[in-house]
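One structure below.
Every read-out reported here was derived from the displayed coordinates using simple, explicitly stated rules and does not represent laboratory data. A quick note: this is a predicted structure, and the numbers were derived from the prediction, not measured. Note that each Cβ is placed from the backbone with ideal geometry, even for glycine, and that neighbours are counted across all protein chains shown.
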Amino acid sequence: MACVPPAIESEVNYRDGYRCAYCGRSGFDVWTSMGIDHFKPKSRGGSDGTSNLHACCSACNNYMQAKEFATMEEARQHCRKCMTQDWIAYQVLIAKWLADQMPRLAE
Ligand SMILES: [Zn+2]
């Protein structure tokens, strides 16, 4: 998560309604921690101005890394795609775990 002064962070969170600008999850949702994302990464010359900053959940922040997107919509699509892939991987893990708990009917 990017380090910006607390006053700026509060301002951006308030403007974005305490929701992730990419996936729309709320900072009040379970398992979501919120931070601030530089739309244009600082490492690529992005500014600390509020127009370059967005409220961002930890998952989306992780998906974005230091990637650069042309538009917000492009960034949102990227996060949605990552989230769907994570969800499918999670379901596969659960299915495997459940299968391990079952008696081996075929034997
Ligand atoms: Zn998010």
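Structure notes:
- In loop segments of region 1-41 as defined by DSSP, the chymotrypsin sites (Phe, Trp or Tyr not before Pro) with at most 16 further C-beta atoms inside 10 Å of their C-beta are Tyr18, Phe28, Trp31.
- Within region 1-101, the trypsin sites (Lys or Arg not before Pro) that combine a DSSP coil assignment with at most 11 other C-beta atoms in a 10 angstrom radius are Lys67.
- Ordering Met72, Met102 by the number of other Cβ atoms within 10 Å of each residue's own Cβ, fewest first, gives Met102, Met72.
- Taking a sphere under 14 Å around the Cβ of Arg15 and counting the other residues whose Cβ falls inside, with K and R at +1 and D and E at -1, yields a net charge of -3.
- Per-residue extension of 0.36 nm, minus the Cα-Cα distance of Thr84 and Thr50, leaves a gain of 9.3 nm for this segment.
- Ranked Thr50, Thr84, criterion: other C-beta atoms within 10 Å, fewest first: Thr84, Thr50
- When the square roots of the Cα gyration tensor eigenvalues are ordered a ≥ b ≥ c, the ratio a/c for the chain is 1.5 or more and a/b exceeds b/c, which makes its shape prolate.
- Cβ-based net charge around Met83, under 14 Å, with every Lys or Arg adding one and every Asp or Glu removing one: +2
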